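These notes concern the structure reproduced below.
The values are calculated or read from the model by the stated rules, or taken from the named source; none is laboratory data. Since the structure is predicted, the reported quantities are computational estimates derived from the model, not experimental observations. Note: ideal-geometry Cβ built from the backbone for every residue, glycine included; neighbour counts use all protein chains shown.
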Amino acid sequence: MITEFDETAWLTGFLSGGGNLQAQGMDRVRNFVFLWNIFEDVAMSKKAEIVKLAALADQINGYFPYDAADFTEYVDYFSNRYFNANGDKTYSIEGLKFRGTANDQAAKSLVEAVLTQQEQNPVEIMKALLFIVYRFRNNLFHGEKQLVNIDGQVDNFIVANNILRMVLEKMKTIGMF
């Protein structure tokens, strides 16, 4: 029989500087991976992309019209993270690493418009939130988010997990899975 091992202990020992990893950070990331797996399977037919995320937001809105108030705490969180009090971008928004494609740049522009309150249409807000979560996913899965620093990302994953939960619950209610 194959011997089990404590993956968390191994990871913290294996990663340079990983001894500072906290259980909460690892738990939030693990939960994000599970939530994203379900989301990408049922909502994105196993291939997430900007166009599909936007279409999903529109589709759900057709059944459950969004209310911007439902997103206030998420928008406020990301606004404070990605813009300073003067409305200037912080280093962090570039950390989302939107690609240079037309779709990604349009998504980035929408995210910026939502987070600076220039765009207040609830459907567009939902799209922007999904785009941010998608960038978290890409940055995590493609190595942009360094696991040794994941404890500084706990709040990001709490918010992302809440957004994914909200979307999955709405999808289940309307029979999308």
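Here are the numbers:
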item: Subset of segment 86-98 (residues that are surrounded by 13 or more Cβ atoms within 10 Å (Cβ to Cβ) and either more than 20 Å from Ala160 (Cα to Cα) or in contact (Cβ under 8 Å) with a residue 60 or more places away in the chain (or both)); result: Lys89
item: Scan of segment 54-101 for residues that are under 18 Å from Leu115 (Cβ atoms) and among the basic types (Lys, Arg), ordered by number; result: Arg81, Lys89, Lys97
item: Residue that is farthest from Tyr134 (Cα to Cα), among those in segment 88-108 that are of a type outside the set (A, V, I, L, M) and in a loop (DSSP other than H, G, I, E, B); result: Asp88
item: Sole exception among (1) surrounded by 15 or more Cβ atoms within 10 Å (Cβ to Cβ); (2) modelled with pLDDT of 95 or more for Phe83, by number; result: (2)
item: Single match in Val167, Val154, Val111, Val75 (criterion: free of Cβ contacts under 8 Å to residues at least 40 places away in the same chain, in a helix (DSSP H, G or I) and under 15 Å from the mean Cα position of the chain (by Cα)); result: Val111
item: Residue pairs meeting the criteria (Cβ under 6 Å; at least 6 apart or on separate chains; first closer than 12 Å to Tyr134 by Cβ and free of Cβ contacts under 8 Å to residues at least 40 places away in the same chain, in segment 45-61; second in a helix (DSSP H, G or I) and not hydroxyl-bearing (Ser, Thr, Tyr)); result: Lys52/Met44
item: Unique residue being at pLDDT below 95 and under 19 Å from Asn156 (Cα atoms) when the list is Lys97, Lys127, Lys108; result: Lys97
